[in-house]
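Please treat every number below as a calculation from the coordinates, not as lab data. Just so it is clear, the model here is predicted, and its values are computed rather than measured. All Cβ positions, even for glycine, are placed from backbone atoms using ideal geometry, and neighbour counts span all protein chains on display.
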Amino acid sequence: MSDRLAVVLEVAPKKAFASALEWPGWSRSGKIPEAAIETLLAYAPRFEPVAREAGLAFPASFEVDVVEQVEGGSGTAFGVPSRIHEVDRQPVDGAEAHRQAGIVAAAWTTFDRVAAAAPAELRKGPRGGGRDRDKMVGHVIDADWYYARELGIRVKQLDPADRAAVESLRTQVLEVLRRPSDGSPLADRTWTARYAYRRIAWHALDHAWEMEDRSS
């Protein structure tokens, strides 16, 4: 028997994102919603080690249940799951907050592991573009610094080579994400806890998987 997979969709004219609500970071895109869901399921074997890193059992198969679809925007079209859904405004109790934050931590661990094994120069994309390893690492860390501000955390911009500073920021982020939430925006800004789990983990994993694909 397949396990239920609650999925949210954001749909723009030329791109759609499908995101697994209970597995933050497991978000994939396609030209249409059906293609996004198909790609999401195709990435299950790549997400399974992330779940295992978080200490969670990962089902062998899933039955997709689309619980909400919203209109995408410019962020969606650009390639970012950028919409906050109504289900993202639901409360999060302490146990769920720890589970979701654990997946975010596992996404960072996965990214770090992939980066450590990747060559400095990555294979170029089909149009000859794409960041090499160190620039990609810097990009992810810069993004995490920005994401932290959405959680009310303000520190000076990070040097990617300063691992102590990077780990300190991540610790502060996880402290916020482990707290129960009533579903309101965090730090009087716009992100809810559920959206923060998804966005932060997705960005780390999206680039980890890109780095893996471009290392061969």
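Label zone (ALA116, point 7 Å along Cα-to-C-beta; backbone nitrogen cut-off 15 Å) within region 146-190: 163-164, 167. What the Cα convex hull of region 88-213 gives, in volume per residue, is 106 Å³. To check you understand DSSP bridge types, tell me what percent of the beta bridges within region 3-87 (both residues inside) are antiparallel, rounded to 5. So the antiparallel bridges in region 3-87 amount to around 50 percent.
Counting only DSSP beta bridges whose two residues both lie in the chain, roughly 55 percent are antiparallel.
Neighbours of GLY30 by Cβ distance under 11 Å: Lys/Arg scored +1, Asp/Glu scored -1, total +2. Summing Cβ point charges (Lys, Arg +1; Asp, Glu -1) relative to the Cα centre of the chain gives a dipole of roughly 560 debye. The reciprocal of the average 1/r between distinct C-alpha atoms defines the Kirkwood hydrodynamic radius, which for region 3-87 equals 12.8 Å. For the chain, the 222 nm mean residue ellipticity estimated from helices alone, with every DSSP H stretch of n ≥ 4 adding -39500 (n - 2.57) and the total spread over all residues, rounds to -15500 deg cm²/dmol.
Taking Cβ atoms as reference points and 11 Å as the exclusive limit, the residues near SER2 contribute a net charge of -2, counting Lys and Arg as +1 and Asp and Glu as -1.
Extension gain for the segment ASP159 to GLN69, taken as residue separation times 0.36 nm less the Cα-Cα distance, is 28.6 nm to one decimal.
In this simple spin-label approximation, ASP182 and TYR146 carry label points 7 Å from Cα along the Cα→Cβ vector, and these lie 3.1 nm apart.
For region 105-172, the set of trypsin sites (Lys or Arg not before Pro) satisfying both a DSSP loop assignment and a count of at most 12 other C-beta atoms within 10 Å is given as ARG123, LYS124, ARG127, ARG154, LYS156. Filter the DSSP H helices in the chain by two things, a Kyte-Doolittle mean of at least -1.0 and an axial alpha-carbon span of 24 angstrom or more, and list the hits by number. Within the chain the helices that satisfy the rule are 94-117, 133-150, 193-213. Among the listed values [x] 41, 38, 35; [y] 51, 41, 30; [z] 44, 37, 25, the one matching Cα extents along the principal axes in Å as calculated from this structure is [x]. For region 3-87, averaging the sequence separation of C-alpha pairs within contact (under 8 Å, six or more residues apart) and dividing by the residue count gives a relative contact order of 37 percent. Our summary gives the chain a relative contact order of 25 percent, counting only alpha carbon pairs under 8 angstrom and 6 or more residues apart. Can you work out the FRET efficiency for the pair SER61 and ALA6, with r the C-beta to C-beta distance and R0 = 22 Å, to the nearest 0.05? So, using R0 = 22 Å, E works out to roughly 0.90.
Full extension of the chain between LYS135 and HIS98 yields a length gain of 10.2 nm, computed as 0.36 nm times the residue separation minus the alpha carbon distance. Net charge dipole, region 3-87: roughly 380 debye, given to the nearest 20, about the Cα centre with Cβ charges of +1 for Lys and Arg and -1 for Asp and Glu. Between region 150-216 and region 94-144, the C-alpha centres lie 11 angstrom from each other.
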